[in-house]
Amino acid sequence: MASTQMDDDLLEQERRHAPGVYPSRDKVFVRGEGALLFDADGRRYVDCASGQGVAALGHAHPRFVAAVAEQAATLVTCSAGWPTAKRAELGVRLAAHLARIGMDPARIFWCNSGTEAVEAALKFARLSTGRSGVIALERGFHGRTFGALSATHNRAYKDPFEPLVPGFTHVAPGDLAALEGAVDDRTAAVILEVVQGEGGVHPLPADFLQGAAELCRARGALLIVDEIQSGYGRTGRMFACEHAGLEPDLLCLGKAIGGGVPMGAVAMGPRVAEQPPGSHGSTFGGNPLACAAGLAVLDALEHDRLIECAAETGAWLAERLRGLSSPKAKEVRGLGLMLAIDVGEPAAPHVAKLVDEGVIALPAGPHGIRLLPPLVIERAELEEVLAALERVLAS
Ligand code: PLP
């Protein structure tokens with residue numbers, strides 16, 4: 001329990017006004033630095049959640065802090081109906097990366113979260129093709145607003161909110177024959193994650209991904225790739241698509257792209273028709289504050305070798321996780337610093353015990369302990385995580 005009176009008051013106040021949709025927890029994080037978090041009692045935690053995959057640069061990264069502070073003192077808001085220098089610069093810089101995955105020229109719609117990026121991509125795909133059907137994958141997660149929730153697979157998230165958007169079908173990941181049977185002349189888009197994150201950290205086979213792209217092209221559908229969790233260096237490449245040579249038509253981004261300032265984006269490649277004026281929009285999307293934050297994230301990714309670090313540290317960590325002595329550690333899956341240890345039983349109790357050991361992790365799927373540390377994490381910090389996992393999985 002948090003020990004001070006101030007914390008108890010704060011916890012009580014937060015609980016009184018909480019919406020009920022989040023777990024009720026008793027730790028109050030007051031500060032972060034790199035891959036570390038500190039609670040109100042001054043206790044230190046190694047952050048292997050990054051605020052659900054957001055803090056790729058870690059906490060309080062000096063480049064990021066300076067950029068956000070400077071922009072806050074200059075111009076925070078400017079509707080996307082008006083050009084601004086930071087948005088223009090961010091668009092050019094992101095487009096240079098998108099060109100590597102065949103999105104050249106790319107147009108970019110800016111929004112404020114992952115689920116908004118998915119909603120926008122679904123609308124853009126419908127308008128571009130004049131079709132309404134969407135094929136998604138079992139185990140897939142795309143967000144919790146109505147369109148994105150319709151693409152999400154987990155029934156527990158969906159059932160209470162039926163009826164959802166019609167026209168969504170789910171097929172088994174990796175089953176190209178099932179996908180071939182599902183995509184027809186009513187299909188606007190196939191939507192998938194290259195590495196299914198929430199579903200348990202399952203990288204999808206390259207031949208399946210390639211096959212899905214070819215099928216979309218042959219049948220006039222668009223391929224929406226959701227890299228909201230896997231994008232921006234997390235898997236050891238700028239985009240997880242690059243591992244499979246996959247070229248999306250629409251790419252959804254979120255989480256890390258604003259470094260913690262809420263931000264989402266949809267990139268549209270050459271096969272997507274230009275969207276008519278007024279067909280979509282966002283009050284906050286692409287505001288100068290978020291774009292300045294986004295530029296600081298790109299600066300750090302490009303100049304501090306963070307993507308290479310994610311690849312190297314991730315490979316090292318996966319190897320060490322495979323060497324854990326506990327028989328509970330059944331399988332290690334993932335790419336780069338997007339990893340899960342499958343424990344073959346509910347993972348949530350283990351994730352809770354890790355907090356007591358000073359490690360913040362996440363569950364993934366029914367049996368996965370998911371690690372999404374900041375890309376700046378050091379091996380000495382990961383040694384602490386490995387030792388904590390040994391202790392927790394021993395019991
Ligand atoms: N898509 C994927 C792959 C995600 O992992 C998430 C969030 O976990 C989302 C979409 C939804 O993003 P947000 O929570 O920012 O709406």
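The values are calculated or read from the model by the stated rules, or taken from the named source; none is laboratory data. Remember, it's a predicted structure, so these values are computed and weren't measured experimentally. Counting neighbours? That spans all protein chains shown, and the Cβs are built from the backbone with ideal geometry, glycine included. Calculation scope for accessible area: heavy atoms of the full protein, side chains included, ligands and nucleic acids excluded. Shrake-Rupley method; radii C 1.70, N 1.55, O 1.52, S 1.80 Å.
Some points to look at:
- Eligible lysines near Lys86 by straight Cα distance, threshold 21 Å, same-chain separation 8 or greater: Lys255
- Placing unit charges on the Cβ atoms of the charged side chains and taking the dipole of the chain about its Cα centre, the candidate lying farthest along the positive direction among Ala178, Ser128, Gly323 is Ser128.
- Listed residue (Pro363, Leu37, Pro288) projecting farthest to the positive dipole end of the chain, Cβ model: Pro288
- 5 angstrom amide H check on Ala188, placed H, neighbours 5+ away: Ser132, Gly133, Val134
- Distance between segment 1-66 and segment 115-153 - C-alpha centres, whole angstrom: 32
- Highest to lowest packing among 100-113, 357-370, scored as the average C-beta count within 10 Å: 357-370, 100-113
- When the Gaussian network model of the chain links Cα atoms closer than 10 Å, the mean-square fluctuations of Ala212, Ala292, Ala66 top out at Ala66.
- What the Cβ-Cβ distance of Trp316 and Glu242 gives, at R0 = 35 Å and to the nearest 0.05, is a FRET efficiency of 0.95.
- Residues whose amide H lies under 5 Å from that of His170, counting only those 5 or more places away or on a different chain, are Ala136; hydrogens are built 1.01 Å from N in the peptide plane.
- Comparing His202, His280, His243 in a Gaussian network model of the chain, where Cα atoms under 10 Å apart are tied by springs, the biggest mean-square fluctuation is seen for His280.
- Rounded to 5, percent antiparallel among DSSP beta bridges of the chain: 65
- Length gained on full extension, Leu164 to Ala177: 2.0 nm, using 0.36 nm per residue less the C-alpha separation.
- Carbon plus sulfur fraction of accessible area for the chain, probe 1.4 Å, in percent: 56
- The residues of the chain present an accessible area of 43 Å² per residue when probed at 1.4 Å with all protein chains retained.
- 3J(HN,Hα) along segment 93-99: 5, 5, 4, 5, 6, 5, 4 Hz, from the Karplus curve 6.51 cos²θ - 1.76 cosθ + 1.60 with θ = phi - 60°, whole Hz, x for Gly and Pro.
- Anchor Lys328: lysines whose Cα lies under 17 Å away (excluding residues fewer than 8 positions away in-chain): Lys353
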